[in-house]
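> Encoded as structure tokens, here's the structure I'll be asking about.
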Amino acid sequence: MSEYTIREIAEEFGLTLRTLRFWEQQQILTPVRLGSYRLYSAEDRERVRDIMMWSAAGFTIREVASMLSMTHSGRVVFLAERLPELKSNMEQDYINQSNAIARLTDSLRSTADPEQESMPAEARLMSDRSRGLHRQA
């Protein structure tokens, strides 16, 4: 049976020690404790992989905990119901963020640079291009 330390798991998955301890506190990950040491099994490694995948997809810590307690078929049903909603939420978040970036870009264009006001239009355009503010048609 392979066992892994908290540091080995953290390095393998690019996690912080704090994240793994938090997951343990939330009881979604339960390594064997030997005094102050934590030992993770191969099953714990798979669980970490699942937790990361579900978290990256937008599931809450409560949903992750719930999925971990489900049977495989129960998890499949839950995912089939919840994934379309998560996808829709992410798409809406993307649209909102894109709109916010467009508004910020427009506000930069409309903010008059006192140095540019005295420049001819051609020079202002060249200055905007050098700052990445010129939009391609």
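Bear in mind these aren't lab numbers, they're just calculated from the coordinates by the rules spelled out. Keep in mind that what you see is a predicted model, and the values were worked out from it rather than measured. Ideal geometry is used to build each Cβ from the backbone, glycine not excepted, and the neighbour counts take in all protein chains shown.
> Quick check: pseudo-label points 7 Å beyond the Cα along Cα→Cβ at residue 93 and residue 30, how many nm apart are they?
3.0
> Can you tell me the FRET efficiency between residue 71 and residue 22 if r is taken as the Cβ-Cβ distance and R0 is 22 Å, rounded to the nearest 0.05?
For residue 71 and residue 22, the calculated efficiency is 0.30.
> Report the charge-dipole magnitude of the range 1-103 in Debye, nearest 20, computed about the Cα centre from +1 at each Lys and Arg Cβ and -1 at each Asp and Glu Cβ.
Roughly 260 debye for the range 1-103.
> Please compute the modelled spin-label separation between residue 49 and residue 5, points set 7 Å along Cα→Cβ, answer in nm with one decimal.
Going from the residue 5 label point to the residue 49 one covers 2.3 nm.
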